[in-house]
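To keep things clear, I will list the structure first and then write my remarks on it.
The values are calculated or read from the model by the stated rules, or taken from the named source; none is laboratory data. Note that the coordinates shown come from a computational prediction; the quantities given were computed from them, not determined experimentally. Here the Cβ positions follow ideal geometry from the backbone for every residue, glycine too, while neighbour counts run over all protein chains shown.
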Amino acid sequence: MSGASTFEGRRIVLIVSGGIAAYKAIEVCRRLVDAGAHVSPVMTTGATRFVGEATFSALASEPVQRSLWDEASPIPHTRLGQGADLVIVAPATARIIGSYAAGISDGLATATLLATRAPVLVCPAMHTEMWEHPAVQDNLATLRRRGVSLVEPGEGRLAGGDVGAGRLADPEVIVAAAERLLTHQDLAGTRVLVTAGGTSEPIDPVRVITNRSTGRQGYALAAEAAARGAEVVLVTTVSDPVPPGVSTVGCATTAAELRDTVVAHADTCDVVIMAAAVADFRPSAPSVPKMKKRDGLPIIELEATTDVLSELVQRRALGQVIVGFAAETNDVVANAREKLLAKGADVIVANDVSRSDTGFGVPTNAATILVAGSDDVNVPLCSKRDLARSILDVVVSLRAGSGSA
Ligand code: CTP
């Protein structure tokens, strides 16, 4: 399972129907192709009134198809439908939803939908009145009952200056939903808590002691767990947008705040992953007014913070899997093994943070995953998402071994 992206080599038919939101499908197409998918675009005649065919032909993996009759193959719909790993309709108008629900094949798009056994993801977009109309809602209920997946539209600005429900979901939400449909849901029914980022400890109202963590590895773990079907709770010190399907809880700037938030939520989680770089010491008496240069060099007395990972192990719920990281600059694996024993976690991810291509603030990482009572797993240089995949593979096997999966 580890290695290439979920989308690598997967064949996706992207059906674009005629709505103002067709422009957002361009971004969906680009993201899927960038992630390694083979995207075959199909546009309805209505869609071509909103965006250019040339745009999709240039961005997708093959030229746009529009009709049952303009291709060399006499049966383009069965070729597309049978060869697809996934069919996405974005945007899906009330008309295409109605035809699909009624089983009416009135063009290449609907013929392809009826000719496929691949999962189908429908992303509706229309005016609020149409979205709320019982005919549309009944058709969507029919599609849902038949196993079609939906990405609910959001609220916001619609064509013509109107505001309300019916706005096409954001491209990243659509791509995340597509990813879930292509991913083995081996964390379904599992609640996973992930911490991300570095804590900051105040010296005075303007100065802090912090570290170089940017939260990327924690965010990658949260996104990967969500793609595999987990309910994900993220405790983060950074304000980057949260991956689709992930919710954040609490406030976590200092080690104490992070500890309180984690402890408040950990009991209800099956898996806890401490990817955050938590401060080990903090100023024992932060100055209330800003420290002034004129007062000379300050002496800052430090005190220890709570070791959250060790505390979690002490209070762990039955069957809970606890994963920690070891941020090391030397004797990486030996130091990490010491932490595995000292902290009592199930897994410690040994991370060399002294290299320029692994650790803090870079998109790539490499690690040795140490598992209590089992063999180490070496993960060579890869994206942080790929390392997240390997870590969660270990988590899944531990849960299966304990009979909790
Ligand atoms: N950790 C924690 N609470 C702390 C410090 C660290 O929960 N106060 C967690 C980190 O989230 C990580 C693991 O413990 O999962 C190891 O963190 P690391 O910084 O590598 O090691 P430390 O325990 O801080 O030890 P040292 O700094 O001496 O290497």
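Here Gly147 qualifies as at positive phi and part of a loop (DSSP other than H, G, I, E, B). When segment 237-263 is filtered for residues that are under 21 Å from Ala304 (Cα atoms) and modelled with pLDDT of 95 or more, the ones remaining, listed by number, are Thr237, Thr253, Thr254, Ala255, Ala256, Glu257, Leu258, Arg259, Asp260, Thr261, Val262, Val263. Annotation: of all residues in segment 279-314 being surrounded by 15 or more Cβ atoms within 10 Å (Cβ to Cβ) and away from the ligand (no atom under 13 Å from the Cβ), the one that is farthest from Ala327 (Cα to Cα) is Met291.
Table: residues versus (1) away from the ligand (no atom under 16 Å from the Cβ); (2) closer than 22 Å to Ala327 by Cα; (3) of a type in the set (D, E, K, R).
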| residue | (1), (2), (3) |
| --- | --- |
| Val173 | yes, no, no |
| Ala176 | yes, no, no |
| Arg191 | yes, no, yes |
| Ile209 | no, yes, no |
| Thr253 | no, yes, no |
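Of the residues screened, Thr368 is not one that is touching a helix residue (DSSP H, G or I) at 6+ places or on another chain (Cβ under 9 Å) and more than 15 Å from the ligand (Cβ to nearest atom). Of note, Ala177 satisfies the criterion of being farther than 16 Å from Gly98 by Cα and either part of a strand (DSSP E or B) or modelled with pLDDT of 95 or more (or both).
Annotation: of all residues in segment 327-350 being touching a residue at least 40 places away in the same chain (Cβ under 8 Å) and closer than 18 Å to Gln217 by Cα, the one that is farthest from the ligand (Cβ to nearest atom) is Val347. For segment 49-66, filtered to residues that are within 25 Å of Gly156 (Cβ to Cβ) and in contact with a strand residue (DSSP E or B) (Cβ under 9 Å, 6 or more places away or on another chain), the residue that is surrounded by the most Cβ atoms within 10 Å (Cβ to Cβ) is Phe56. With respect to being within 14 Å of the ligand (Cβ to nearest atom) and not small (Gly, Ala, Ser), Arg259 fits the description.
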